[in-house]
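The values are calculated or read from the model by the stated rules, or taken from the named source; none is laboratory data. The structure displayed is predicted, hence computed values, not measured ones. Cβ placement follows ideal geometry from the backbone for every residue including glycine, while neighbour counts extend to all protein chains displayed. We work out accessible area using only protein heavy atoms, side chains counted, and drop any ligands, DNA or RNA first. Shrake-Rupley method; radii C 1.70, N 1.55, O 1.52, S 1.80 Å.
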Amino acid sequence: MRIVFAGTPAPAVPSLRAIAASAHELVGVVTRSDAALGRKRVLTPSPVAEAADSLGVPVIKADRLDAEATAAIDALAPDLGVIVAYGGLVREPLLSLPRHGWINLHFSLLPRWRGAAPVQHALIAGERTTGASVFQLVAALDAGDVFGDVRYDVPRGATAGDVLAELADVGAELLVRVTDEIAAGTARAVPQVGTPTLAPKLSIADGALDLTENAEIVLDRFRGTTPEPGAHVGFAGGRLKILAAHRGPDTDLPPGTLSLSGRDVLLTAGEGTTVVLKTVQPSGKGAMAAGDWWRGLRIDDPRVDLPSERAMS
């Protein structure tokens with residue numbers, strides 16, 4: 001089949017490369033426009049654009065799949081559209097333009113976690129099993145019939161970034177298998193079964209850790225928002241970003257208290273539980289070991305902000 005691929009971030013790259021290496025013809029790639037990144041705001045191609053360039057595949061850069069983008073895709077005469085985390089909606093007439101429509105690799109076991117951030121929301125909710133699904137794209141959000149899925153047990157301590165990297169690889173294998181089955185006429189899609197849950201895009205505010213909660217709940221949110229949008233606590237009028245952390249011993253200190261235990265920095269959460277801070281990033285500074293950050297403090301009784309204190313500030 002002639003395939004057009006749509007995707008943008010790094011987790012879409014394994015699927016792009018798998019399709020390019022398959023028995024099918026990759027005739028074009030659609031991705032979002034170059035983005036201004038870093039402190040110097042340098043225009044940078046998306047990971048998918050860079051991978052497509054290395055493969056020598058024509059690239060269409062579009063932030064919206066409007067009439068112009070639709071015409072460019074139509075000119076490629078695709079039999080099938082494949083989409084993985086493109087970051088935009090596919091509407092009619094583009095939705096029905098390829099002979100076999102569009103299929104979507106989504107990083108959850110549908111109908112759980114429909115939306116832009118499925119892995120992040122699954123980890124925040126404390127789920128220990130997730131997966132990837134390939135489904136027929138329809139007008140409704142992530143609601144199409146499912147061609148196949150694969151389950152994935154989340155390793156203890158894994159962050160959203162870790163899980164996405166794993167699912168990107170196993171999902172790419174599933175995607176090629178479904179594509180082959182569509183070409184052979186053997187693919188069978190079944191309706192989604194169960195109550196849908198939603199996974200909207202996360203904001204910086206979603207990374208705020210509530211230290212009145214038990215440490216396990218705090219760490220679930222930490223893992224679900226790492227590396228993006230970033231887990232953090234309010235500290236000394238700024239934000240302390242937490243880059244690496246794990247469960248610590250119980251204590252009798254109140255929630256929000258920072259203390260030193262050997263070389264470890266402990267952050268007390270609810271019910272006397274603690275989180276061990278390993279790597280942090282203070283406002284305006286680079287990442288550093290939590291112990292080094294602690295030794296540079298000039299505060300007698302260091303505490304992080306609790307939710308009620310943040311609301312008052």
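With a 10 Å radius around each residue's Cβ, average the other Cβ atoms per peptide and rank 261-268, 137-144, highest first.
261-268, 137-144
Explain nothing, just the number: relative contact order of the chain, from Cα pairs under 8 Å at least 6 residues apart, as a whole percent.
So the answer I get is 13 percent.
Let me check something: with ligands and nucleic acids excluded, how do Phe147, Phe222 order by accessible area (1.4 Å probe), largest to smallest?
Phe147, Phe222
Given a 1.4 angstrom probe, what's the average accessible area per residue across the chain, in square angstrom?
Computed with neighbouring chains in place, this is 48 Å² per residue.
Sorted by accessible area (1.4 Å probe), largest first, how do Glu216, Glu271 line up?
Descending order: Glu271, Glu216.
Can you give me the solvent accessible area of Thr44 with a 1.4 Å probe, rounded to the nearest 10 Å²?
Counting only protein heavy atoms, the figure is 40 Å².
Ranked from the most accessible area to the least, with a 1.4 Å probe and all protein chains present, what is the order of Val84, Val193?
Ranked from most to least accessible, the order is Val193, Val84.
Over all alpha-carbon pairs of the chain, lay out the pair-distance distribution in 10 Å bins, whole %, shortest bin first.
6, 25, 28, 20, 14, 7, 1, 0
Taking the Cα centre of the chain as origin, sum charge times position over the Cβ atoms of Lys and Arg (+1) and Asp and Glu (-1), and report the length of that vector in debye to the nearest 20.
Once rounded to the nearest 20, the dipole reads 600 debye.
Once the Cβ-Cβ distance between Glu173 and Arg128 is put in as r, and R0 is 22 Å, what FRET efficiency do you end up with, to the nearest 0.05?
0.50
Looking at this model, which pairs from Lys40/Lys285; Lys241/Lys278; Lys40/Lys241 are more than 19 angstrom apart at the alpha-carbon?
Exceeds cut-off: Lys40/Lys241.
Taking the Cα atoms of region 207-304 alone, what are Rg (to one decimal) and Dmax (as a whole number) in Å?
For region 207-304, the Cα radius of gyration and maximum Cα-Cα distance read 12.0, 32 Å.
Over 5 Å intervals from 0, what percent of Cα-Cα pairs in region 1-65 sits in each interval?
Cα pair-distance distribution for region 1-65, in percent: 4, 19, 30, 23, 14, 6, 3, 1, 0.
What whole number of Å gives the distance from the Cα centroid of region 132-156 to the Cα centroid of region 190-222?
18
Restricting to region 195-313, what percent of DSSP beta bridges are antiparallel, rounded to 5?
About 90 percent, rounded to the nearest 5.
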